[in-house]
Each structure stands twice: as C-alpha cells, then as structure tokens.
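Written below as structure tokens is the structure these notes are about.
Read the figures in this text as sums done on the coordinates, not as results from a lab. None of these values were measured; they are calculated from a predicted model. Counting neighbours? That spans all protein chains shown, and the Cβs are built from the backbone with ideal geometry, glycine included.
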Amino acid sequence: MAGKFKVFVVGALFGGAVLYGYQYVKINDIGEFGNVNSGAIRAVASDLTHKAEGQLTELIPSKSVTHLIRGWFSALSKTGTQQSNTSDHSNANASSSQTTSLRNINDRDGFMEIDLPYYSLMLDCSDRSASLLWTKVHVDTGNVPRERSFHLSDKVPPECRSKSTSTYKGTYNGESYHRGHELRAGLFDFNKQAMHDSFYMVNMTPQNGYLNAHGAWRETEVYTECERDNPAFVSNKLSYYVLAGPIWGNNPLDDIFLASHGVRTPSAYFKVFVVYNNTTGEAHTHSWLMPNAPVSGAERYFVSPKEIADKIGIPKFTQLLKKYNVNMSEKAVSMPLRSNCHRS
C-alpha cells in the first residue's frame, strides 16, 4: 500500500510540475507580438527540473528519479523550442525592434549572437553563460588596473543572465571553483570600460581554481599576453584574435552552482589564438582543448581548430576562423614565451 501511495504522489507532483511549467512559459514568455522566447522556455524547464528532483528524491531516493525527471523536462524544453521557431520567423521584423542587441542565427538550437562593445559571444539562454566568445586583441598598454567586482550585462536578456555575481561557493571532489574568465581580463587593459565589460558574468563559468590560477588555462593566458609584445604585432604587421568558451558537461553531480547561479559546471574548455599576417593574408593558430580539472602543461592539450569545431557544433566558430583564413587542420607543436615579456 505504501508503495502505491508513493507512486501516486510522484505522479501527482510530476504532472503538476509539467503543467506549471507549460502555463508559466505560456503566460510569462509570450511577447507583445506573440513571439515565444525559446531560450526562456529552456531556462524555465531547467529550473523546474531541479525543483522536481529535490521534491521527488525526498520520497524516493533513487538515481532513476533524476534520469526520469531530466528526460521529461528535456522533452518539454525541446518541444517549446520547436513550437517557438514558427513564431520566431513569422515575427522577425516586429521582434527585431525590441532586441536590437541580439541576432538569432540558430533558433533551432537556442543560440543568439550578442555584440558587446569590446567582444562578441554566442549564448543559449538555458546556459546563462556564453558558449563561444571572441575578440580582436589590442596592443598591450597595461595602463588600466584590474576590475575588482563582477557585473551583469544589460545587453543580455534577464532570463539569460547568471542568477548571481557572487563567488562560486562549494567544492566537488575536494576541488574549488573560480569565476573563470573565458576571455582574459588582461586583454582589455587598454580601456576602463573594456576592463569593466570583461567582468560580465556572461564571460565567466565555474572554472577549476588551480586550472584558472596556476594550471594549463593560466599558461595559455600568459602565452597570449606575452605575444602582445611581439614587435610585428605592435607595428601592425600582424593582427591577433582570441576565441574561447566552455564545453558544457553532462554530469549532474558537479553542477553544484545551478541553485545559486543557474550555471552548469563545464567539463572542459577550448581556446584558439589566431595570428593573422596583414600583408600576406595567411594565418596560424594555437588551439587548446583541456579538461576543467587541476591540470598543467598546456602544450599537452594542443588540438586542431577542426577538433574544437566538431566538439562544440557552433557554426559561428568555423565561420570566424574561415574569415581569418585559418587552416582548420593545423595543430601547434610549441608555445615558447618571449623573454622579458609583460605578463599582466
């Protein structure tokens, strides 16, 4: 009898949660022109997933509950996204006047392109942090001090922003996490506003503390920073570009910041440093793909740009690299540091 009662309660809670999610999206995310924000649907579904998990696991502490709930809400979010596509296209002209800072280039996958004054990014609302960011690198002036606080950008829709700017509190397997920059703050030391904008939370993810401060990711930052002292770059014979982002994981056990920030913990990170010859039009790259773990030795994580493109599946990534005439199969072999380079 007790078992039947549990099944009844689970069914009632789950059914109510689905109905609530549908009504919430239907009422709150249909704009003035009847255009449903597909990213918002996915964000709401994600929130409801974790609320339902918490309620149901109190009754039945089983891993199967997590899989069941995630499967159903994943279907809910995909359905909402598909339904929104027709409305997105039919109302494109009307809605564009309201979202001038956004350009939906892949509605089917929920991505939007956002151009900020000093860098650009691709964002899926349900992630609440960018999946791809890119910027043109400026000559190293080193005049602007590092920002001390983190911010939310008003260019990012409210339902797509991190829920908090605070530190990532908590550990997983004994590892702590930093608000790790995808695009390094030091790249923006040429302008006070640029430095401020580099501290938007959309440029942050929960990054392993050692990786960020001392490990392989830090090594890539030091390398790109040192290259800003290259005389050929300073004299404008070369142009530099940086593309970076997270590889979103699928491990609910390490997603310990969903409640506080709404952001999953990435399983890995990628970065591409493009060196473009302004005279010949040729380009060379250093590309890395590394785990979000306490690892060092960035040269061990060299990959080709194509390997990253295949991993992340974001068309914009390949489009940008082709624009810079990048050989997608090139794989770097070393990253020697310049002597006496300015690393900050």
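Go through region 228-327 and name the trypsin sites (Lys or Arg not before Pro) that are in a DSSP coil and have 16 or fewer other Cβ atoms within 10 Å of their Cβ. Loop-located and lightly packed - LYS237. Given the options VAL326, GLY297, PRO336, identify the residue whose Cα lies farthest towards the positive end of the charge dipole of region 292-344 (+1 on Cβ of Lys, Arg; -1 on Cβ of Asp, Glu). So the residue furthest toward the plus end is VAL326. Using a cut-off of 20 Å between Cα atoms, the listed pairs LYS163/LYS271; LYS136/LYS163; LYS169/LYS192; LYS311/LYS331 include LYS163/LYS271; LYS136/LYS163; LYS169/LYS192 as exceeding that distance. In terms of other Cβ atoms within 10 Å, ILE247, ILE308 run from fewest to most in the order ILE247, ILE308.
Going from the fewest other Cβ atoms within 10 Å to the most, the residues THR167, THR265, THR205 appear in the order THR167, THR265, THR205. For region 114-165, the calculated P(r), taken from all Cα-Cα distances in 10 Å bins from zero up to the bin holding the longest distance, is 20, 47, 28, 6 percent. Under the shape rule built on the C-alpha gyration tensor, where the axes satisfy a ≥ b ≥ c, region 135-210 is oblate, since a/c reaches at least 1.5 while a/b does not exceed b/c.
Relative to one another, the C-alpha centroids of region 286-344 and region 142-201 are positioned 22 Å apart. Legend: ranking of residues TRP288, TRP134 from fewest to most surrounding C-beta atoms inside 10 Å; resulting order TRP134, TRP288.
Under the classification rounded if a/c is under 1.5, otherwise prolate if a/b is larger than b/c and oblate if not, where does region 102-323 fall, given a ≥ b ≥ c as square roots of the Cα gyration tensor eigenvalues?
Rounded.
Summing Lys and Arg as +1 and Asp and Glu as -1 over all other residues whose Cβ lies under 11 Å from the Cβ of SER162 gives a net charge of +3.
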